[in-house]
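One structure below.
Here, each number is a calculation from the coordinates, and none is a lab measurement. Note that the coordinates shown come from a computational prediction; the quantities given were computed from them, not determined experimentally. Please note: Cβ atoms are built from the backbone with ideal geometry, for glycine as well, and neighbour counts cover all protein chains shown.
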Amino acid sequence: MKFDFSSVLPPAATELAHSWDHLYWFLFIVCVVFFAVVMVPLAIFIFKYRKKPGRKTDPIAHNTPLEIVWTAIPTVIVMIIFAWGWLVWRDMVDRVPENAMEVHVVAESWAWTFQYSDGRIEKNRLVVPVDTPVKLKMTSKMGDVLHSFYVPNFRVKKDLVPGLYTQVFFTSTKVGRNIFFCTEYCGLGHSAMWGEVVVLSKPDYQMWQYGKDVPLPEWIGVGGLAERMKAGEASGLKEKSLFASVSAESAENMKDRGKILFRKMGCVACHSNDGSTSIGPSMKNLYGSERLLAGGESQIADDNYIRQSIENPQSKLSKGYEDKLMPPYPGHLSELELNALVAYIKSLQ
Ligand code: CUA
């Protein structure tokens, strides 16, 4: 009987999954080889040098060549593992193509919210087109705990932290439904904190985006769980088509929502959006620029900086605005509103 190695791991539904799998099998083989290298001589020596009447062992101080070999070889191997792991990890979080589609993810105990730039909101279900780079900009609700987003079929996993944006990136190569889990123990409802990533063909995705319901594709793998969910579907427990909660046409996109908030929250009283000087720094061309801070250091105005400056403005005051203190806004805005406000500020280029 031939052993099917591909059945050991979940199906691979991204390019990245193959990269992780190669590293996984390398680690596995290294472990098997070293297990044998240690255990086989151990078994032989136990037998060969067992206690016998009249036999006395010579005292052994050390053996320099042997010690050099058993230090050098493992050092090389762990450095290979480090470098290889770092390269694949970088592909997962950092090497995001310019044209990647961005979706915001907000985790809270114990649910997931996906916020699209055109304003659509999905609960516990992320819908993406096939063969399209997708960047997830993720955070956990303020005051909540750590969660972690894990899609086994994609081999993608990243923590979500309150008050901070983290990101992860993938390109799914297979149409189908993929289960995802929270993989950071987060309390009572942790085991129920899962959902699905639905990967649609590009035409189907467009239909869905504009509010048409499209047939749900098949589940991809994940052993017994997918089977149980299929059974649930057969008995009518799970819906068969995918409905868009709000269509792209009717939704208020994130930028526009942010613009309204900018007015409503009173930001506009101190910050202009056209470059003119006011009580606070202008928001025009702020995103991506280098900010000189009151303390003398500088900082690139990225998503995390903008977010932090809204929630806790005093933490990184801009030079020249030290005495014009803005009140902190934690808790005044929901995560979705905060994302929208950042999107608006980002758009003022
Ligand atoms: Cu959220 Cu575990």
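Kindly provide the Kirkwood hydrodynamic radius of the chain in Å, to one decimal, from all pairs of distinct alpha carbon atoms. Walk me through the intermediate numbers first.
Numbers: mean 1/r = 0.0416 Å⁻¹.
For the chain, the Kirkwood estimate is 24.0 Å.
State the extension gain, in nm to one decimal, for the chain segment bounded by His332 and Val8, taking 0.36 nm per residue of separation less the distance between their alpha-carbons. Provide the component values of the computation, followed by the final result.
Values: separation 324, 0.36 × 324 = 116.64 nm, distance 4.76 nm.
Net length gain for the segment: 111.9 nm.
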### Task
Within 10 Å of each residue's Cβ, count the other Cβ atoms and sort Lys319, Lys255, Lys264 from fewest upward.
Lys264, Lys319, Lys255
### Summary
Protection proxy (average C-beta count within 10 Å per residue), highest first, orders 93-105, 158-170, 49-61 as 158-170, 93-105, 49-61
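What value, in deg cm²/dmol to 500, does the helix sum -39500 (n - 2.57) over DSSP H runs of n ≥ 4 give at 222 nm once divided by the residues of the chain? Each step should come with its number before you reach the end.
On the way: 7 runs with 117 residues, N = 349.
So the helix-based figure for the chain works out to -11000 deg cm²/dmol.
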### Query
Tilt of helix 15-48 relative to the longest C-alpha principal axis of the chain, in degrees (0 to 90, nearest 10)?
30
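I want the local charge near Thr183. Using Cβ-Cβ distances under 14 Å, sum +1 for each Lys or Arg and -1 for each Asp or Glu among the other residues. Mind dumping the intermediate values first?
Working: positive: Arg155, Lys157, Lys158; negative: Asp159, Glu184.
Net charge around Thr183: +1.
Here are some pairs, Lys158/Lys284; Lys123/Lys284; Lys264/Lys284; which of them have Cα atoms lying more than 28 Å apart in this structure? Mind showing how you got there, number by number?
Working: Lys158/Lys284 32 Å; Lys123/Lys284 33 Å; Lys264/Lys284 18 Å.
Check vs 28 Å cut-off fails for Lys158/Lys284; Lys123/Lys284.
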### Summary
Phi-derived 3J(HN,Hα) across the stretch 302-312 with the Karplus relation (6.51, -1.76, 1.60, θ = phi - 60°), rounded Hz, x for Gly and Pro, is 9, 3, 5, 5, 5, 4, 5, 6, 7, 6, 9
### Query
On a 0 to 90 degree scale, rounded to 10, what angle separates helix 64-93 from the longest Cα axis of the chain?
30
### Query
Roughly speaking, what is the stretch gain from Lys212 to Trp70, that is 0.36 nm per residue apart minus the C-alpha to C-alpha distance, in nm to one decimal?
44.8 nm
### Packing-based ranking, highest mean first, of 36-46, 179-189 given that Cβ atoms within 10 Å are counted
179-189, 36-46
